[in-house]
Amino acid sequence: MNASPAPQDIASALHLALLARGFDLPIRGALGAEGPVVEVDPLPCAVAVRLAKVLGGKATGVTLGNPRTEPGPPPPQPATGTIVVDTRREQLARFQAAMGGRWWLRPVRGGCEWSAAPSDVRIAGPAERLRAEAARANARSRGEVL
């Protein structure tokens, strides 16, 4: 008898496949009312549109990317651990380091680091920081984050 893969294994495989395409989405395996499921947290519309385009769907009438038209001065480097927003990915992260003209960020809930141009990163506002800390605390209570 062939055993089905565990939902956590499926979630991990999906997470890695999406990471390869530039999407670091919070994904987890769980047991739902109908059996094993893979859950993805709600996505901002711009991220969902970009994901649809990458996967070959049509998403019309939406402009993606950085709305800045003129480059400004480089932003000051935040302190390690500062919660920031990667505006290109529309994702909250913790600033890790600067190297090679790029800033290295890690998802607030933990996971693989990625690099971003400093011009695509801004310091998170108070509501965003609160949301990030609540999400991390919830993930920790579920055993997803140490």
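The values are calculated or read from the model by the stated rules, or taken from the named source; none is laboratory data. Remember, it's a predicted structure, so these values are computed and weren't measured experimentally. When we count neighbours, we look across all protein chains shown, and the Cβ atoms used for this are built from the backbone with ideal geometry, even at glycine. Calculation scope for accessible area: heavy atoms of the full protein, side chains included, ligands and nucleic acids excluded. Shrake-Rupley method; radii C 1.70, N 1.55, O 1.52, S 1.80 Å.
Right, Val47: at pLDDT below 80 and not charged (D, E, K, R) or not? Give the steps one after another, and end with the answer.
Values: at pLDDT below 80: yes; not charged (D, E, K, R): yes.
So Val47 fits the description; yes.
Per-residue answers, yes or no, for (1) under 11 Å from the mean Cα position of the chain (by Cα); (2) open to solvent by 30 Å² or more (accessible area, probe 1.4 Å); (3) modelled with pLDDT under 75; (4) not polar (S, T, N, Q):
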site	(1), (2), (3), (4)
Ser4	no, yes, yes, no
Ile10	no, yes, no, yes
Gly57	no, yes, yes, yes
Ala79	no, yes, no, yes
Val84	no, no, no, yes
Gly101	no, yes, no, yes
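Go through segment 1-38 and report how many residues are within 19 Å of Cys112 (Cβ to Cβ) and not aliphatic (A, V, I, L, M). Show your work before the answer.
Kept after step one, since they are within 19 Å of Cys112 (Cβ to Cβ), are these residues of segment 1-38: 8-29, 38.
Applying the additional criterion that residues be not aliphatic (A, V, I, L, M) yields 8-9, 12, 15, 21-24, 26, 28-29.
Result for segment 1-38: 11.
Within segment 34-51, track down each residue that is acidic (Asp, Glu) and either open to solvent by less than 60 Å² (accessible area, probe 1.4 Å) or part of a loop (DSSP other than H, G, I, E, B) (or both).
Just the residues of segment 34-51 that are acidic (Asp, Glu), to begin with: 34, 39, 41.
Hits for segment 34-51 are Glu34, Asp41.
Which of (1) modelled with pLDDT of 90 or more; (2) surrounded by 15 or more Cβ atoms within 10 Å (Cβ to Cβ) does Ala97 not meet, given it meets every other one?
With (1) modelled with pLDDT of 90 or more; (2) surrounded by 15 or more Cβ atoms within 10 Å (Cβ to Cβ) applied to Ala97, the lone miss is (2).
Please specify each residue of segment 103-130 satisfying the condition of being of a type in the set (Lys, Arg), more than 16 Å from Pro26 (Cβ to Cβ) and modelled with pLDDT of 90 or more. Show your work before the answer.
Residues of segment 103-130 that are of a type in the set (Lys, Arg), as a first pass: 106, 109, 122, 129.
Going one step further and asking which of them are more than 16 Å from Pro26 (Cβ to Cβ), we end up with 122, 129.
Listed by number, the list holds a single entry, Arg122.
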